[in-house]
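For reference, the structure discussed in these notes is given below.
We did not get these values from a lab; they are worked out from the coordinates using the rules stated. Predicted model, so just to flag it, every value in this text is computed and none were measured. Cβ coordinates were reconstructed from backbone atoms using ideal geometry, including for glycine residues, and neighbour counts include every protein chain displayed.
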Amino acid sequence: MAFRGAVRRALTVPVGGSMASQFAIPAVTAIVADGDAGEPGAVALAELTDAMMRAGVARGRMFVLLAFASAPGLRERDRARELRGMLGVPVLPHDPAKAAFEPGRLAAGVPLALEDELREAEAVVVCGRFGADVRGTVRGGPAALLPGLASVSTRAAYDAALPAGPPAERAAAALAASRAVLEHVHVDFALVWSGGDPPEVMAGAGREVFEACAAAGWTSPRAGDGA
């Protein structure tokens with residue numbers, strides 16, 4: 001209940017303006033969500049889609065793309081079916097082997113190949129935990145797109161470009177690499193939470209939210225954060 005309340009408060013006063021202003025045009029919207037987020041992820045998606053409905057985006061114009069740490073198997077497809085039944089919108093698990101949409105290139109010139117369903121989206125929303133673990137691995141925020149929705153080859157290029165040094169150095173490089181995707185895919189809105197206990201929750205315009213979270217230390221590696 002405490003987490004649900006924090007999500008509702010964040011959605012009531014989002015960064016960058018009201019929900020109505022954030023979703024002034026009822027565009028076809030892809031919600032990029034962490035498939036491994038468990039119960040908090042389900043709660044956040046339910047509250048987010050309800051808030052978007054109240055702001056004027058019909059459920060028929062939303063779909064969810066689930067990003068997992070591994071290729072989708074039985075567990076991942078079961079999770080997608082469960083969320084589809086709960087939310088009443090299409091829920092699709094991302095398969096890195098099938099990504100085909102190439103909106104640009106990475107800094108090294110490697111094609112930026114992302115989930116093909118993004119091609120159909122007129123707006124993009126990110127929903128999930130945002131932070132770095134003790135190893136310097138960043139998940140959520142812009143990393144929900146890169147490497148979250150990337151192809152096998154793009155994920156490999158992303159990983160190869162990261163330094164093998166201290167976790168703080170690796171996390172900073174990972175965040176910078178993930179942020180580069182925002183030059184090619186605009187994130188209109190984000191609902192994210194930290195790895196703290198209790199988690200902090202922030203919602204609002206994508207870039208503004210990601211920058212505020214990083215400034216607040218969410219992306220600094222810390223023990224106990226399972227991001």
Requested in this report: Report the convex hull volume per residue for the chain, counting only C-alpha atoms, in Å³.
Outcome: 108
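Which shape class applies to the range 1-67: rounded if a/c is under 1.5, otherwise prolate when a/b exceeds b/c and oblate if not, where a ≥ b ≥ c are the square roots of the Cα gyration tensor eigenvalues?
Because a/c hits 1.5 or more and a/b fails to exceed b/c, the range 1-67 counts as oblate.
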Report task. Report, by chain and number, residues whose modeled amide H sits under 5 Å from the one on V32, excluding near sequence neighbours (fewer than 5 apart, same chain). Result -> L65, V125, V126, C127
Requested in this report: Provide the FRET efficiency to the nearest 0.05 for the L74-A156 pair, computing r from the beta carbons and using R0 = 22 Å.
Outcome: 0.35
Query - Built amide H within the under 5 Å cut-off of G131, gap 5+ - result: R139
Report summary line: Comparing D36, D95, D159 in a Gaussian network model of the chain (Cα, 10 Å), the one with the largest mean-square fluctuation is D159
Query raised in the report: Picking from A161, A33, A42, which is most flexible by a Gaussian network model of the chain using Cα springs under 10 Å?
Result: A161
Query raised in the report: Which whole-angstrom value gives the distance between the alpha carbon centres of the range 16-66 and the range 96-121?
Result: 22
Requested in this report: In whole Hz, with x marking every Gly and Pro, tabulate ³J(HN,Hα) for the range 79-86 from phi via Karplus 6.51 cos²θ - 1.76 cosθ + 1.60, θ = phi - 60°.
Outcome: 4, 4, 5, 4, 5, 4, x, 6
Query raised in the report: Mind listing the phi-derived Karplus ³J(HN,Hα) values for the range 173-181, rounded to whole Hz, using 6.51, -1.76 and 1.60 with θ = phi - 60°, and x for any glycine or proline?
Result: 5, 5, 5, 4, 5, 5, 4, 4, 5
Report summary line: Protection proxy (average C-beta count within 10 Å per residue), highest first, orders 97-104, 175-182, 51-58, 203-210 as 203-210, 175-182, 51-58, 97-104
Query raised in the report: What are the ³J(HN,Hα) values, in whole Hz, obtained from phi via the Karplus relation 6.51 cos²θ - 1.76 cosθ + 1.60 with θ = phi - 60°, for each residue of the range 17-23 in sequence order, with x given for Gly and Pro?
Result: x, 5, 4, 4, 6, 5, 10
Requested in this report: Would you calculate the separation in nanometres between label points at E120 and K98, each defined as 7 Å from the Cα along the Cα-to-beta-carbon direction?
Outcome: 1.1
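What FRET efficiency comes out for the pair A168/A58, r = Cβ-Cβ distance, R0 = 41 Å, nearest 0.05? Let's see the in-between values first.
On the way: r = 44 Å, r/R0 = 1.07.
The pair A168/A58 has a calculated efficiency of 0.40.
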Report summary line: Full extension between E82 and A107 adds, at 0.36 nm per residue less the Cα distance, a length in nm of 5.2 nm
**Report entry** GNM top mover of L162, L83, L146 - the chain, alpha-carbon springs below 10 Å
**Finding:** L162
Query raised in the report: What ranking, highest mean first, results for peptides 122-130, 192-200 when packing means the other Cβ atoms within 10 Å averaged over each residue?
Result: 122-130, 192-200
Report task. Hey, can you grab everything whose amide H is under 5 Å from the amide H of H184? Only 5+ residues off in sequence or another chain; H modelled, so Pro and N-termini drop out. Result -> none
